[in-house]
Amino acid sequence: MYIAREESQLIEDCQKGIAAAQRQLYEQYSRKMMGVCMRYVNNYETARDLMHDGFIKIFLNIGSFAHEGSFEGWMRRIFVTTALEFLRKNDILRESYDLATSYEVQGDDETVIERISADELREIIADLPAGFRSVFNLYAIEGYSHKEIGDMLGIAESTSRSQFARARALLQQKMVEIYGYSQV
């Protein structure tokens, strides 16, 4: 039974095409990478397909990993790119949402965020339109700048900023709808 004790050995063995190393890499990172995929598509089967596509890309391109920075970060970028390619290919990022009916949310010192569970927040984010959800995830969760997001999605930096602001407004509106205005 194959077990690489160090990540560098695992990477090296995957670069050599050793199937047992690839299996260990998949088992070690599949749950995290499935989470990445689920943040971009709100469908388990599609996310699972994207995860498998992402691992294929990992195994085909692992030789290009330069051992600079984190390997998990390198992998995460491939999964994010895979999900965005899917969204672009299926024209899902062009979805728009009428914000004319949304309203400003004014909060007190205590917010719903302090009371909501991580799972509840993930569900609310998952309900955002795909374009807003993608920009929100890339900026707030993955940590990309609006310039990087613009480059990745083929949109202007200002569009990324606007999409993020609209996503935040929608999240606030949803929380008000679910938890009531007085709790925000």
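The values are calculated or read from the model by the stated rules, or taken from the named source; none is laboratory data. The model shown is predicted, which means the values in this text are computed figures rather than measured ones. Please note: Cβ atoms are built from the backbone with ideal geometry, for glycine as well, and neighbour counts cover all protein chains shown. For the accessible areas, the whole protein counts, side chains as well, though only heavy atoms, and no ligand, DNA or RNA atoms are used. Shrake-Rupley method; radii C 1.70, N 1.55, O 1.52, S 1.80 Å.
For the stretch 3-42, filtering for residues that are within 18 Å of Ala130 (Cα to Cα) and open to solvent by 70 Å² or more (accessible area, probe 1.4 Å) leaves 1. Does the stretch 61-76 contain at least one residue that is in contact with a Gly (Cβ under 6 Å, 6 or more places away or on another chain) and over 18 Å from Ala21 (Cβ atoms)? Within the stretch 61-76, none of the residues are in contact with a Gly (Cβ under 6 Å, 6 or more places away or on another chain) and over 18 Å from Ala21 (Cβ atoms). Does Gly63 satisfy the condition of being over 25 Å from Arg122 (Cβ atoms), more than 14 Å from the chain's Cα centre (by Cα), among the small types (Gly, Ala, Ser) and in a loop (DSSP other than H, G, I, E, B)? Considered against the rule, which asks whether it is over 25 Å from Arg122 (Cβ atoms), more than 14 Å from the chain's Cα centre (by Cα), among the small types (Gly, Ala, Ser) and in a loop (DSSP other than H, G, I, E, B), Gly63 comes out as no.
Apart from one condition, Met34 fits all of (1) at pLDDT below 95; (2) in contact with a Lys or Arg (Cβ under 8 Å, 6 or more places away or on another chain); the exception is (1). The residue pairs whose first member lies in the stretch 55-67 and is under 17 Å from Tyr29 (Cβ atoms), whose second member is open to solvent by 60 Å² or more (accessible area, probe 1.4 Å), and whose beta carbons are closer than 7 Å, counting only pairs six or more residues apart or on different chains, are Phe55/Tyr26; Ile62/Gln15.
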